Amino acid sequence: MALFGKFFAKESCAVCGAEVGALKKRKLADGVMCKDCVARLSPWFEERREGTVAQIKEQLAMREENRRQLERFDITSELAGTGAVFVDEGHRWLCALPDASTGGLLSSERVHDRAGLIEANADIVTFDQVRSATCDITETKGELRQTVDGEQRSYSPRRWRYGESFYLLVEVDHPYIERMRVPLGSLTIETEGERQRSSSGAKALGWLLDDPDMDVRNRAATYDDNGVLRALTRGDWEMPDYAYGFRCSARNWEAIQGYGRLLAQVEGLCQMIAG
Ligand SMILES: [Zn+2]
């Protein structure tokens, strides 16, 4: 009975002092806080349960200072998907949001200006605090099948649908953020045959196989080893046999170019903030 009583006992939020019931309280290492106060913490802060009341109060104070600092944030470039990244090159600052949508589920509104950053109180990270910035891509793969005589059968050669999700992964030295993994877009690519993975030797020639208009370096590109001679001899107007390891065709060429553009954008951002 004693335990039961304790579970339902009212406690006070260590931050604002409001009384919080069992269902609305959130634990800290040495106290509890209310849901409203938790909502004021950084969306990138992952260690609340290990945080002490003193640390949490310090973070909230820093976030109020952050909100004032955002008044001086000049957006010089941005990249948005589900999340968003905003850069102020003059101050060498960046802000990232894990979810940039505003106004609920069915709204397509996104944070896109300084007022939106202030409203969300997006944490300012300086370029000097960035330890590493990389383009992180997750891939899913499923086979496409056809119905023949009422049966599901593989195509010959087999066809695949790849799902590619792009994230900017930033590791930082910051008082209350360790890393930010920002979802910046996803796309699907359908191919005949599986995506080819290159040997390291083929990587050196990789850029030759790409769209010549794109200036992208350091990519984790993957290519067909047999494509080198072909790449050297094909005309500028021709579609390459493979790009980023995907077998190119008229059907998927647009999606593959979209992959290249997104990769170039995220890698460009990485170079800007970690360079
Ligand atoms: Zn509170």
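A few remarks follow.
- Under the Debye formula (equal points on every Cα, no solvent term), log10 I(q)/I(0) of segment 90-138 at q = 0.21, 0.25, 0.27, 0.31 Å⁻¹: -0.87, -1.01, -1.06, -1.17
- Label sites at E254 and K27, each approximated as a point 7 angstrom past Cα along Cα to Cβ, lie 5.2 nm apart.
- One compactness figure for segment 111-171 is 2.05, namely its Cα radius of gyration divided by 2.2 N^0.38 Å.
- Residue exposure proxy: E238, E89, ordered by other Cβ atoms within 10 angstrom of their Cβ from fewest to most, comes out as E238, E89.
- Bins of 5 Å, starting at 0 and running to the largest distance - Cα pair percent for segment 2-71: 3, 16, 26, 23, 15, 9, 5, 2, 1, 1, 0
- Reference-scaled alpha-carbon Rg (2.2 N^0.38 Å with N residues) for segment 1-136: 1.26
- Listing L168, L70, L106 from fewest to most neighbouring C-beta atoms within 10 Å gives L106, L70, L168.
We did not get these values from a lab; they are worked out from the coordinates using the rules stated. Fair warning: this is a prediction, and the values are worked out from it, not measured in the lab. Virtual Cβ from ideal backbone geometry, glycine too; neighbours counted across all protein chains shown.
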